[in-house]
1. Taking each label point as 7 Å beyond Cα in the direction of the beta carbon, state the distances from C:Pro28 to the same residue in the other copies, shortest first, in nm.
2. Using a cut-off of 14 Å between beta-carbons, work out the net charge of the residues near B:Asp68 (Lys and Arg +1, Asp and Glu -1, B:Asp68 not included).
3. Shape of region D:1-156 from its Cα gyration tensor (a ≥ b ≥ c, root eigenvalues): rounded if a/c is under 1.5, otherwise prolate when a/b > b/c, or oblate?
4. Set Lys and Arg Cβ to +1 and Asp and Glu Cβ to -1, take the dipole of chain B about its Cα centre, and tell me which of B:Leu309, B:Pro321, B:Gly121 lies farthest positive.
5. Using the Karplus curve 6.51 cos²θ - 1.76 cosθ + 1.60 with θ = phi - 60°, work out ³J(HN,Hα) for each residue of region A:208-225 in order, rounded to whole Hz, and write x for Gly and Pro.
6. Please work out whether the protein assembly as shown counts as rounded, prolate or oblate from its C-alpha gyration tensor, where a ≥ b ≥ c are the square roots of the eigenvalues and a/c under 1.5 means rounded, while otherwise a/b larger than b/c means prolate and anything else oblate?
7. Running a GNM on chain A with Cα contacts under 10 Å, which residue among A:Arg91, A:Arg198, A:Arg142 ends up with the highest mean-square fluctuation?
8. Taking chain A as a Gaussian network, Cα atoms linked when under 10 Å apart, which of A:Arg346, A:Arg250, A:Arg23 shows the biggest mean-square fluctuation?
There are 4 protein chains.
Amino acid sequence: MSAPTATDRRPPLSVAEFAGPARSALSPEVWDWLAGGAEQEHTLAANRAAFDRLAVVPRVLADVSACDTTATLVRSRSALPVAVAPVAYHRLFHPEGELASARAAAAAGVPFTVGTLSSVGFEELAATGATLWFQLYWLRDRGRLLDLVAAAAAAGSECLVVTADVPYMGRRLRDARNAFALPGDVRAALLEGGAAGRAHRAGAEVSAVAAHTAELLSPAVTWADLAWLHERTELPLVVKGLLDPADALRAAELGAEAVVVSNHGGRQLDRAVPSLTALPAVAEALAGRDCQVLLDSGVRGGSDVLTALALGASGVLLGRPLIWGLAAGGEPGCARVLELLAAELRHALGLAGCADLGAAAELRTTPMPCPAWSAP
Amino acid sequence: MSAPTATDRRPPLSVAEFAGPARSALSPEVWDWLAGGAEQEHTLAANRAAFDRLAVVPRVLADVSACDTTATLVRSRSALPVAVAPVAYHRLFHPEGELASARAAAAAGVPFTVGTLSSVGFEELAATGATLWFQLYWLRDRGRLLDLVAAAAAAGSECLVVTADVPYMGRRLRDARNAFALPGDVRAALLEGGAAGRAHRAGAEVSAVAAHTAELLSPAVTWADLAWLHERTELPLVVKGLLDPADALRAAELGAEAVVVSNHGGRQLDRAVPSLTALPAVAEALAGRDCQVLLDSGVRGGSDVLTALALGASGVLLGRPLIWGLAAGGEPGCARVLELLAAELRHALGLAGCADLGAAAELRTTPMPCPAWSAP
Amino acid sequence: MSAPTATDRRPPLSVAEFAGPARSALSPEVWDWLAGGAEQEHTLAANRAAFDRLAVVPRVLADVSACDTTATLVRSRSALPVAVAPVAYHRLFHPEGELASARAAAAAGVPFTVGTLSSVGFEELAATGATLWFQLYWLRDRGRLLDLVAAAAAAGSECLVVTADVPYMGRRLRDARNAFALPGDVRAALLEGGAAGRAHRAGAEVSAVAAHTAELLSPAVTWADLAWLHERTELPLVVKGLLDPADALRAAELGAEAVVVSNHGGRQLDRAVPSLTALPAVAEALAGRDCQVLLDSGVRGGSDVLTALALGASGVLLGRPLIWGLAAGGEPGCARVLELLAAELRHALGLAGCADLGAAAELRTTPMPCPAWSAP
Amino acid sequence: MSAPTATDRRPPLSVAEFAGPARSALSPEVWDWLAGGAEQEHTLAANRAAFDRLAVVPRVLADVSACDTTATLVRSRSALPVAVAPVAYHRLFHPEGELASARAAAAAGVPFTVGTLSSVGFEELAATGATLWFQLYWLRDRGRLLDLVAAAAAAGSECLVVTADVPYMGRRLRDARNAFALPGDVRAALLEGGAAGRAHRAGAEVSAVAAHTAELLSPAVTWADLAWLHERTELPLVVKGLLDPADALRAAELGAEAVVVSNHGGRQLDRAVPSLTALPAVAEALAGRDCQVLLDSGVRGGSDVLTALALGASGVLLGRPLIWGLAAGGEPGCARVLELLAAELRHALGLAGCADLGAAAELRTTPMPCPAWSAP
Ligand SMILES: Cc1cc2nc3c(=O)[nH]c(=O)nc-3n(C[C@H](O)[C@H](O)[C@H](O)COP(=O)(O)O)c2cc1C
Ligand SMILES: Cc1cc2nc3c(=O)[nH]c(=O)nc-3n(C[C@H](O)[C@H](O)[C@H](O)COP(=O)(O)O)c2cc1C
Ligand SMILES: Cc1cc2nc3c(=O)[nH]c(=O)nc-3n(C[C@H](O)[C@H](O)[C@H](O)COP(=O)(O)O)c2cc1C
Ligand SMILES: Cc1cc2nc3c(=O)[nH]c(=O)nc-3n(C[C@H](O)[C@H](O)[C@H](O)COP(=O)(O)O)c2cc1C
């Protein structure tokens, strides 16, 4: 079966098939911003390759008539071992922005991570009833940073996800080529006065969004700073964007309740190891510690979630695929993506003989033979 | 030599070349049902890749003037280390359905597995003279289930092959896309009143066959149920569709006389390990036990059978290729496929210096270097 | 640099580039007979892949102003660690047949292996002045077999190369498809009355050459028969066509002075391990014994020879490439191929810091990273 | 994102993208001379594959607000862990030749290696203010050789880079095919009377440049000769073009202050191991010795430099990419390449959590899963 093309008008039957309709719905520049990665996009491609090169060994003859997919992620209950990943500026993809996606997350019963660069404010998001998590970029201004964390707590965020892999943005050549900038009506709703001024000023061969974050974010943040912040908030701490087991251990020792093994969807260091490849060593390093391992970067369907669980993750963050749903169809689009993901996961669990997520964690994995081969 | 295309009118000279004529003979929907796999079809492709990535180390200077290809599979004598795999509804592919394929199996001297979803009844099949095996799907209704097993025994089945990897059907997106349903004249001949009603009702973006099996089959079946059944029948037990050595061991301990290492031709869990990749660990786990190891999923010719034997299988089930023969030419088509397979296997044994199947079991294997490479 | 195409009229600058002109010079049927392999041609392709996936670690700062490429192969002195492989019926490729190729071998100072199926007789070949080796196929008729060996000895053959991997021909589908048969003027000059009658009778979907050899050759030959022959001739024994170290050991114990690690250029067991992949284990098994290891199947240039030496071979047999030269240009074509091979090898030795073949045997090897990758 | 094509008129945003404009600016023959490698160009392709198949595991939460990229290479201070590789005859690519590239190196603060086959003289190069290194090819005439070294020292060269992998040129088939020769106005400015006479005489199927070097260079040079030279100059010794750890050790024992792990950009032994693949064993062999490990062959951007550092290199030589800049835009083109490389490296260091080069040396690496895979 060949991949559905952008002009394919048939409704997607799998999470993976939502890429086509999303691409059709977006301008090329916004699609590039969403789909693109850093530099030569090696890591972006390898994120998928890592899943494709791994096989799972299913079990049989367990009662799978009622697979239990519920999970506790950090401290939040979730209908699935899945939370929505932080993605900046949802209003780039649909006029309702985070309002649509958060509502879908609420309906699906999965946590929704509000980004520092959310284009919709806390108040509106809290009103969706979604379980909220808050993702923090380390602002240069510590006053604003603490204010932001306090606002997140006040809005009911159940944890604080500090993104650790963005001292500055990766070199995303598509955006520079496109002189990508935010349209005037898309703003950073959580920053003072919705201030994302620099992100709106297009300039030749520069990504305005990258320029904006360079202004905004501190490349000087260290583990000590993180400890400083940890002391100043009650919110459970999650460190997102690490790949080295030593960093994971450091996060756990500092008191983090979860880490997210992530290369930011291939958008930061090109040549960074795929998250899935990095996962087993991180999981092993944290074995026996009170610190969950989550994963993102490359999750495109239910069997990917199963694979991540088999390699030691407690759950995953869903990044681009939810945005595909948002772009293709607003809130119902997001809902359909989450519905398909739930169905795919439940199916995969059953076919792997797993009545719950604990059983999935016991599955064996092995390299998948590569079908690139064909006799000449 | 490039692969023969669908419009290639020259008679196939190898088992593998029968795919083309079969495709030509079938409607696209039926071809998709036959050829397709679950979700992204990774496992489907990897089943072939696993064979292609493996090399066999032949021996020389044995007397191979009369290679003995006969085997005892479970308790049945067979002219080849091959049995026909259970495949639902042969009448989808040719009006004579299982009658044609069973007759060819009888003539070739290999066991024929009658599926729970056979489109021809036991009586007619018994009359073909074929060695019959019976494949059981675990029906929700235990009464019907025992009746079915009793009917199979009465028809002379020499063993009972319980399919363990179908709590429900895998997500076969081609069929959903095609709104695939059974034509009115193709029925489940072994079920009460030929009842496959649901399988005939086409519905948008749904596979009617999948919907039917969801109604029919129990996703709650466990090892304990299997033990329960084992006590209620004299038929030797075979467990089909396992990949994990621990499951193989469990089957052996329960009294199974054979297991079939299989991922159902890539039709159930996408991302499941290829059978051939899983085979050595299963064979090792069962070494010294009175339980044969059979394999299916990806066998396309005599050297594939040789490879499976070298990795520890006692024989293989032939799935799609026999159906190619059926679609392309009814009973003679099936006969030709089995004739080619026998010739290919006898040839391969001789070229590998093996006068019998026992010698094949001693062959060394090693990874095959991948010719995907070409200098730019 | 893309590969030269068949219509490329520029003179080849490397051994590998001779394939194009040869293909242009031959009818499609003869090209297929020359270029083709058994069944799906996996082993044929893998023979090249095995070389391409291997890297050599060169040395530096040795005096390579006069690289010594001379070798003793079996008992023959050779200008290169190369002998011409036995290839049936050279007159299929050029009217002068083995006369042309043997003369070129004589001029280049490398042994020429006369095949059992030579299309030119011993007398004429002896007159070329080439160092002759004789390749024996095990004839069903032992009288003729001993006569043939005696004739070879009388013609001055310096050794007897018994081909061990042809109990019968591999299934070469191209030839069956082409209904390939020998033209009337190409005969088996060494057989009584030039008898290759069956090989001339074309029949639908059958290779007449395969049918002829099936008539002629015994599939019952064993190690005991080989010992029987060894006692009946003074000629040093070489066993050609083995891949398993245990067979190599057996050959050495029987008194063979060399083995040829070979899969017959991918023409016998499809799925057989590439010779180069099999080489190290064979070389290790024979270490310390008085039995040389030669290799063929896939050698296409000087750096391939270097690689084989680094992995433990004392030399290689050159198969198809010499025939490319013969087809493209008769004796001068063969001479050019051998000249290019010598130049390439001398060059490669020098660039690897090897003043002689002994130094090449000390080179390290390591897997070559596969450039199939490219970012999407 | 697809690779920019030769006709792409947009300014390059990465070092890698400079290949396109360079190709557009050059004649096909000169492009082939620059881009080509030896024989089948396996090593050329594998040089890139080696980088692409390797992943780096980044660290997080280090203060990377001011990444320090300065390095001491041999004894020279450099703004980057990068020196310009010796490349013959820069005037082939731009009328200003080495003058342009050396000025750009001076401005960027990186050492510039003057080649034995420089097309601009020492005096002019010294006037650019660049840190000069001198690359020596071992001339047949020892008097000229010592004169040349003395001239290099007089011009202020900070070290002597002896190229060890060119007893003669590799077989570069593109150049032979193109009958490549130097244009009359491009001369070997450092050789007596600018004598590169043979290099100007085009001849069918011969590279005039290869013929010239065969006349000029000695294939007899050994480690003893190198020791002899080492005693006769004060210049710190660097041995360029080795891949085997034993050779590296020998260089260190002889007193070399650095080695360059290099296969000459795939232009010498085809089938030679990629430099990056060879690097770890060399670095390990030299651990604890006073001998730096540098690397070239395949470096195309900042993350390649990071990768080399992670595998044990102290720095890299930049070969073809600087020439791309020269061809595409003279001195400003070179400056832009170096500016992009610096930016990419600084970026990559920061994204890998490395505040300096020492931190990069501590990064873990792991194989990168190959995205060649795609479901059929
Ligand atoms: C368009 C886009 C915007 C993103 N914005 C943020 C962000 O603001 N904060 C953050 O921590 N991660 C951000 N990410 C990274 C995601 O949280 C997540 O790590 C990534 O999307 C995972 O890769 P995948 O989508 O390919 O699975 C963004 C990713 C994308 C694609
Ligand atoms: C069209 C089709 C129908 C099948 N129906 C059944 C079935 O009813 N029962 C069963 O146990 N397996 C069934 N199988 C699985 C086969 O028994 C076997 O495991 C599979 O075909 C092996 O893969 P291969 O055909 O690619 O070699 C079916 C397979 C196909 C292709
Ligand atoms: C057209 C053709 C004819 C051959 N005939 C013989 C033969 O008569 N006897 C034999 O021992 N090997 C024969 N061989 C095998 C060669 O001796 C050798 O093993 C093979 O060509 C090596 O593979 P390569 O040519 O791809 O390097 C033949 C090979 C070819 C291609
Ligand atoms: C056109 C060209 C000319 C070269 N000339 C020389 C030279 O004169 N001396 C030398 O030591 N290396 C020479 N090299 C090799 C480079 O110093 C370096 O090893 C090589 O370019 C590294 O490969 P890369 O450019 O692909 O990264 C040359 C390379 C090229 C491409």
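1. Between copies, matching label points for C:Pro28 lie 3.0, 3.0, 4.2 nm apart.
2. 0
3. Values: a/c = 1.68, a/b = 1.22, b/c = 1.38.
Note, shape of region D:1-156 comes out oblate.
4. The Cα lying farthest towards the positive end belongs to B:Pro321.
5. Per-residue couplings from phi come out as 5, 5, 5, 5, 5, 5, 4, 5, 7, 9, 9, x, 9, 5, 10, 4, 4, 4 Hz.
6. In terms of gyration-tensor shape, oblate.
7. Top of the fluctuation ranking is A:Arg142.
8. The residue with the greatest mean-square fluctuation here is A:Arg250.
Rule-based calculations on the coordinates, nothing more; no lab input. Predicted model, so just to flag it, every value in this text is computed and none were measured. No Cβ is skipped: glycine too gets one built from the backbone with ideal geometry, and neighbour counts run over all protein chains shown.
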